[in-house]
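These notes are about the structure you will find just below.
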Amino acid sequence: NAADIAYQSRLDPYSVNRAINCLLKLNYIAEVKRVTNQKVKRVALTQSGLTVYQKITTHLEHRTDRLTANLTIKEQSTLLALLEKLELQAEQVLAETASVIEAQGEPITRDQKELI
């Protein structure tokens, strides 16, 4: 659902909802009906959406290969490890900042609440 996508992608939920609606109109995704929870809108790729997805991932893989062509496998591994480390530190700093803001009685966003 949109909330899960927003959380996993670190995107604004409003932007994710807009993107989902656009993809529905383009017939790249379709709503999957669920009996248990009508409030949650589940979506899945259609065949045309899967085709576009495969083209995009192939393009991104080629671009990644070109960008990392001058790095050894060890350097690529080190780069990924460092980026993961930076991401974790950034999340911690953001969570600490959100906690301070909340402790001061100021409102915080839904994204900030998820970090705490």
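Binned at 10 Å from 0, what are the whole-percent values of the Cα-Cα distance distribution for region 1-67, short to long? Percent of pairs per bin, in order: 20, 40, 32, 7, 1. Counting only DSSP H runs of at least 4 residues, each contributing -39500 (n - 2.57), and dividing by the residue count of the chain, the helix-based mean residue ellipticity at 222 nm comes to -22500 deg cm²/dmol. Determine, at each q value in 0.24 (inverse angstroms), the log₁₀ of I(q)/I(0) that the Debye formula gives when each Cα of the chain is one equal point scatterer. Taking Cα atoms of the chain as identical point scatterers yields -1.22.
When the Gaussian network model of the chain links Cα atoms closer than 10 Å, the mean-square fluctuations of 27, 70, 17 top out at 70. Sorting 76-83, 18-25 by their mean Cβ neighbour count within 10 Å, with the most densely packed peptide first, gives 18-25, 76-83.
Can you list the lysines whose alpha carbon is less than 21 Å from that of residue 85, not counting same-chain residues fewer than 8 positions off? Correct list for residue 85: 74.
Values in this text are rule-based calculations from the coordinates and carry no lab data. In this text, all values refer to a predicted model and were calculated from it rather than measured experimentally. Positions of Cβ are backbone-derived with ideal geometry, glycine not excepted, and every protein chain shown enters the neighbour counts.
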